There are 2 protein chains.
Amino acid sequence: MNRRMIAYILGKILLVEAALLTLPMVVAMFYRESAEPFLIPMLTLILCGILLSHISPKSRALYARDGLAIVALAWIAMSLFGAMPFYISHSMPTFVDCFFETVSGFTTTGASILTEIEHLGRGVLFWRSFTHWVGGMGVLVFVMAIFPASDGHGMHLLRAEVPGPAVGKLVSRLGDTAKILYGIYLVMTVAEIVLLLLGGMPLFDACVHAFGTAGTGGFSCRNLSVGAYNSPYFDLVIGVFMLLFGVNFNLYYFLLIGKVREVLRSEELRTYFLIVAAATVTIAWNISHLFESFSTALRYAFFQVSSIITTTGYATADFNLWPPYSRVVLVFLMFAGACAGSTGGGIKIARLVILGKTAVSDMRQMLHPNAVATVRIEGRPVSSKILRSTHVFLVVYLLIMSISTLLLSLDGFDLVTTFTAVVSCINNIGPGLGQVGPMGNFAAFSPASKILLAFDMLAGRLELFPMLLLAPSLWRRHSFLR
Amino acid sequence: MNRRMIAYILGKILLVEAALLTLPMVVAMFYRESAEPFLIPMLTLILCGILLSHISPKSRALYARDGLAIVALAWIAMSLFGAMPFYISHSMPTFVDCFFETVSGFTTTGASILTEIEHLGRGVLFWRSFTHWVGGMGVLVFVMAIFPASDGHGMHLLRAEVPGPAVGKLVSRLGDTAKILYGIYLVMTVAEIVLLLLGGMPLFDACVHAFGTAGTGGFSCRNLSVGAYNSPYFDLVIGVFMLLFGVNFNLYYFLLIGKVREVLRSEELRTYFLIVAAATVTIAWNISHLFESFSTALRYAFFQVSSIITTTGYATADFNLWPPYSRVVLVFLMFAGACAGSTGGGIKIARLVILGKTAVSDMRQMLHPNAVATVRIEGRPVSSKILRSTHVFLVVYLLIMSISTLLLSLDGFDLVTTFTAVVSCINNIGPGLGQVGPMGNFAAFSPASKILLAFDMLAGRLELFPMLLLAPSLWRRHSFLR
């Protein structure tokens, strides 16, 4: 355990967060709001950051457990400091609420405890949405893009932070990979802002919704979410961009360097679009009686499917009032999630493809015990290590979800609210059904439940293990995981 | 594919079912009811049975796929013929209802489409509960106990029918194993009947409830289930016997031959009792305000926990009205199920232990990549084949559950009813929550949904694969599972 190196990297991360806070502060000053809510945390971050990064590590070696610990600690620390602007500006009643909202922001969940969004200050609203953008691609990827790090050590961090069963480098140097990813991310975000401006959305609103889309977060600056604009054009732009940000970013890199073939043969991508198409059409058919025409139903169905499968969580309609079939489909899409290596949450399509193919292959073996069964994705056999880790991911995922549902049920809400609140948080969606539906919020839960749900959001965003193994990786002796 | 041998064994099974029908016919005649509802199916069964078992197989070789096909076909055929007494006696409105009720009986689910049970004829009620007793230990195990079968061929049948991740023979001869299992089963059933009689329950009611307990089925002859007697003594007897029938029957055999140590070191047994104790105490605490004293709450909590974890489904209270925490715990117990090798359904504690241990072992490996991690149960390493098949079981289980929920949601019931109806059927419980709660029933579903739920009950009872692989194992060319 290289504690000095962990402290050193944490220090760097806090300094980056201090730098990130200048943006909302400028926005606040532009709108003639107080800069104080941002200045105080910024100075605190600089102080802590300098203190920590002055600890000179004796060795720069990082092992897998160090990587898990850094990622978990970084996300918790960033959320604690990131909650300060909300607390200082009195935007939310308690610090637990501020922490919940910040975790929801960084993890790109978009679940809110706010009942009234539109009366918040511009600077605070900007910071709230900006956390989506920062958390979407990952804080450590950002740090790696800025500070040079040796590849061997950085891989542990990348693996722990980037979603998906198999993480690879795009180019030989890790720092360059991080720069490429952030470059694509930035260009796509700017493209969305421009398209929203062209449709007549104010710049501030365009930035907020582009941040929410890019990070697949879902915070809006309007109480009625994207539905407030009631514009088919905005629905289409945001709907399509949500889908695009749910695609594995590696594929965009392949497109850029002309490897179109690699993109077309991606089984995950094809499955992703197939699920979106099937869900959109069947939901549109199921809700068509609620709208004046089938094409309107199709518009609302597409937006909601795109919003939920990418785990963004924007809403243009109160799907809590849709018929059971539509609600069940949306809950299943919450589990499915977007593609690995995207900014989306959930189980990820790649994992579902692996799990499905393994099941079919094993059933084939039951019929023909002597046949040799190998699971292949895109022509390549899947290693038994990835198969096993995917299965263990599923088990741990179900376990965290079950325990969370059990604990949350003590708050006494109805079962649909309780269950979908957990599903929504662990998959980083935002809205659930019942009282946490698209027009509801998470304000009514007890403080303990809010901390539990914040844990679920972090566990979901970091793909379970960093959060679960944080304690045993910090203890010298860990009896449970001996 | 040995079609002749499959037909031959099916014929034998139909003859056994004809013989089983004599019992309810005698009961009907004793109560001066018409024997016709039993005589007609009996004669049909004898005719079909003789025709089929006269097909002389060219070879007696049975492969894994033949075993899967026989088990699935046998259960479907027995349910179709077993539905005839209900249909002929006009006990239920449609043949689909009769089929649903019979599948629910044989699979020991106990889900009913009946709104009014007490006006049914005694013969029909007896047959309804007797299907639980027959289905509990397994039809093919019964056939093996009667007809001599060579061990190599019988193992495929035993494996396909007896629940649990690993099925072993108790003694060297398979037929003897089947006889021992049925012997223990019979003795325990008689013991329960005697204890219920001692408490003053009428013989007919005692038989019905002992059959329901032994098979972990849950059909009662009273509208209010066991709650109708409102007797702490009956609650205790049935509550304890439900738990006992949820224990791996191999352990009873070990007890009989004096291998007490084997029993005490069973991790599954200890986990099973631990879960029961934890669930009982926390539910009692959660519902204590609904009852006059904590001990009364404990009595109702124990009965319901025992009933649900063993997948029996008897009720002494309408737990649909209990607070959210209690309902969530009961839904989780539905998934857990009883021990492998018992008459109970669900995922089985053994599988949960394997899944949990694998997850912990793999997380340990994340912290210490160089350590060697083996999953051990009761000191013995678990083979990677069992690990993998357990994981695939979980995936296929979740898949069937998801697709069923999706299809059932088209009936338009609320989400809790829809979801728990599927959970209840696939785990062979009986009651769910909402409209299918302990005081509700399955009558309102559409005929297509009833067939879907019947499929789920069979899939759950036969541990998924025989039902799923029935079609591809019968087709000569199966494109999906090439």
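The values are calculated or read from the model by the stated rules, or taken from the named source; none is laboratory data. These figures come from a predicted structure and were not determined experimentally. As a convention, Cβ positions derive from the backbone with ideal geometry for all residues, glycine included, and neighbour counts pool all protein chains shown. The protein model used for the area step is the full one, side chains on, heavy atoms only, and it has no ligands, DNA or RNA in it. Shrake-Rupley method; radii C 1.70, N 1.55, O 1.52, S 1.80 Å.
In the range B:275-337, Rg over Rh equals 0.92, where Rg is the alpha-carbon radius of gyration and Rh the Kirkwood radius from pairwise Cα distances. When B and A come together, around 4500 square angstrom of accessible surface is lost from both chains combined, probe 1.4 Å. Size of the range B:1-154: Rg and Dmax of its alpha carbons, in Å, are 16.0, 50. Take A:Gly258, push a point 7 Å out from Cα through the beta-carbon direction, and compare it with the same point in every other copy: 8.3 nm, smallest first.
Largest first, what is the accessible-area ranking of B:Arg65, B:Arg128, A:Arg364, A:Arg265 with a 1.4 Å probe?
Ranked list, largest accessible area first: A:Arg265, A:Arg364, B:Arg65, B:Arg128.
Equivalent-ellipsoid semi-axes for the protein assembly as shown (Cα gyration tensor, √(5λ), whole Å, largest first): 54, 29, 27. Computed over protein heavy atoms with a 1.4 angstrom probe, the accessible surface ordering of B:Leu406, A:Leu321, A:Leu23, largest first, is A:Leu321, A:Leu23, B:Leu406.
Using alpha carbons only, the radius of gyration of the range A:1-80 set against its Kirkwood radius gives Rg/Rh = 1.10. A label point on A:Val281, set 7 Å along the Cα-to-Cβ line, lies at 5.5 nm from each of its counterparts in the other copies, closest listed first. Note on exposure: B:Tyr87, B:Tyr325 ranked by accessible area (1.4 Å probe, complete protein assembly) read B:Tyr87, B:Tyr325, with the most exposed listed first. Please report the base-10 log of the normalised intensity I(q)/I(0) for chain B, using a Debye sum with one equal scatterer per alpha carbon and no solvent, at each q in 0.09 (1/Å). Reported log10 I(q)/I(0), two decimals: -0.58.
For A:Trp322, the solvent-accessible surface computed with a 1.4 Å probe is close to 10 Å², ligands and nucleic acids excluded.
With Rh defined as the Kirkwood radius, the inverse of the mean 1/r over Cα pairs, the Rg/Rh of the range A:344-482 is 1.08.
For chain B, the 222 nm mean residue ellipticity estimated from helices alone, with every DSSP H stretch of n ≥ 4 adding -39500 (n - 2.57) and the total spread over all residues, rounds to -21000 deg cm²/dmol. Label-point spacing at A:Ala371 relative to the other copies reads 4.0 nm, in ascending order, each point sitting 7 Å out from Cα along Cα→Cβ. Only alpha carbons enter this Debye calculation for the range B:307-426, each as an equal point scatterer, and the log10 of I(q)/I(0) it gives at q = 0.23 Å⁻¹ is -1.32. Surface analysis of chain A yields an accessible area of 37 Å² per residue, using protein heavy atoms and a 1.4 Å probe.
Residue and whole-Å distance for the chain B Cβ lying nearest the axis of the B-onto-A rotation are B:His391, 2.
Based on every Cα atom in the range A:414-478, Rg and the maximum pairwise Cα distance Dmax equal 13.8, 47 Å. When the surface is traced with a 1.4 Å probe over the full set of protein chains, B:Thr374 keeps roughly 80 Å² accessible. Starting at 0 and stepping by 5 Å, how many percent of the alpha carbon pairs of the range A:173-244 end up in each bin? All Cα pairs, binned at 5 Å, distribute as 3, 17, 28, 25, 12, 7, 5, 3, 1, 0 percent.
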